[in-house]
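K.L.:
Below is the structure I would like to discuss, written out as structure tokens.
The values are calculated or read from the model by the stated rules, or taken from the named source; none is laboratory data. All values derive from a computational prediction rather than experimental measurement. FYI the Cβ positions are ideal-geometry reconstructions off the backbone, even for glycines, and counts take in every protein chain you see. Heavy atoms of the whole protein, side chains included, go into the accessibility calculation; ligands, DNA and RNA do not. Shrake-Rupley method; radii C 1.70, N 1.55, O 1.52, S 1.80 Å.
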Amino acid sequence: MAASILIVEDEEPIQVLLRYNLEAEGYRVRGCVRGEEVFFMMGEERPDLVLLDWMLPGVSGIEVCRLMRAKPESRDIPVIMLTARSEEAERVRGLATGADDYLVKPFSVPELLARVKTILRRANPLSVAEKLVAGDLTLDRMSKRVSRGVRDIHLSPTEFRLLDQLMGNPGRVYSRAQLLDSVWGRDAYVDERTVDVHVGRLRKALSRGKEADPIRTVRATGYAFDERFGR
Ligand code: CA
């Protein structure tokens, strides 16, 4: 599944520029303009990366970054700070607060994209991998193909995204609500049983006969890609 990026930026032209370019790279992008909104948005869906403007109305970017680092649920989310300040002392302060990287406005878009990719790869190599492989199962994000051994597996676009999401984070348990948000999108009006139906179809497509099932049902919680699959 494409990595999800949260942009926190109060200057609309920059927010638009970032969103346009990140979406063109295939990332899923959400945005907000105030520091106070960040934790609400992270509660809805955990982003893989936050692009955080330093100068925000209300709670400043540096304060948001400090708060993120203090909370267990957001401690590990990478942050790139964006700022108009270029003084070395400010840069040091930003990194000391826990930002992973730092870009001074006006920044070049190719440079921003390169930094985003580097940091995502460092945080979770699978989030930017072109291919996911587990045992005899391969998911190719470029050609949108899935195979098990020599057998091609035909999946609907929804089932492909579902497998991508689970396989890209082996062992992580997703609730049905989280899968609805990330696979179907927040605006889709489908209920949680839809997830069960699609997981059922996905399982049927992936495993034949005595082949091991790579998807684990976690009772009263949701689903995970079995991290021991193929080992
Ligand atoms: Ca600003």
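K.L.:
Please name all residue pairs, on different chains or six or more residues apart, with Cβ atoms under 6 Å, provided the first residue is in region 1-29 and is in a strand (DSSP E or B) and the second residue is of a type in the set (Phe, Trp, Tyr) and away from the ligand (no atom under 13 Å from the Cβ).
P.N.:
So the pair list comes out as ILE5/TYR27.
K.L.:
With the condition kept exactly as written, say whether any residue in region 58-78 is open to solvent by less than 50 Å² (accessible area, probe 1.4 Å), within 15 Å of the ligand (Cβ to nearest atom), of a type in the set (Asp, Glu) and in the same structural domain as VAL109 (by TED's automatic domain parsing).
P.N.:
no
K.L.:
Same structure, new question: What residue, of SER156, SER143, SER175, is touching a residue at least 12 places away in the same chain (Cβ under 8 Å), of a type in the set (S, T, N, Q), open to solvent by 30 Å² or more (accessible area, probe 1.4 Å) and farther than 22 Å from GLY43 by Cα?
P.N.:
So the residue among SER156, SER143, SER175 that is touching a residue at least 12 places away in the same chain (Cβ under 8 Å), of a type in the set (S, T, N, Q), open to solvent by 30 Å² or more (accessible area, probe 1.4 Å) and farther than 22 Å from GLY43 by Cα is SER156.
K.L.:
Mind counting the residues in region 14-27 that are surrounded by fewer than 17 Cβ atoms within 10 Å (Cβ to Cβ) and either of a type in the set (Phe, Trp, Tyr) or within 11 Å of the ligand (Cβ to nearest atom) (or both)?
P.N.:
Number satisfying all stated conditions: 1.
K.L.:
Cβ-Cβ under 8 Å, sequence separation 6+ or interchain: first residue in region 104-131 and farther than 14 Å from ALA2 by Cβ, partner surrounded by fewer than 16 Cβ atoms within 10 Å (Cβ to Cβ) and among the polar types (S, T, N, Q). Which pairs?
P.N.:
So the pair list comes out as VAL104/SER86.
K.L.:
Does region 33-44 contain at least one residue that is free of Cβ contacts under 8 Å to residues at least 12 places away in the same chain, among the charged types (D, E, K, R) and either within 16 Å of the ligand (Cβ to nearest atom) or not in a strand (DSSP E or B) (or both)?
P.N.:
no
K.L.:
Go through region 37-57 and report how many residues are buried (at least 18 other Cβ atoms within 10 Å of the Cβ) and charged (D, E, K, R).
P.N.:
Total satisfying the criteria: 2.
K.L.:
Only one residue in LEU126, LEU132, LEU103 is surrounded by 15 or more Cβ atoms within 10 Å (Cβ to Cβ) and within 16 Å of the ligand (Cβ to nearest atom), so which one is that?
P.N.:
So the residue among LEU126, LEU132, LEU103 that is surrounded by 15 or more Cβ atoms within 10 Å (Cβ to Cβ) and within 16 Å of the ligand (Cβ to nearest atom) is LEU103.
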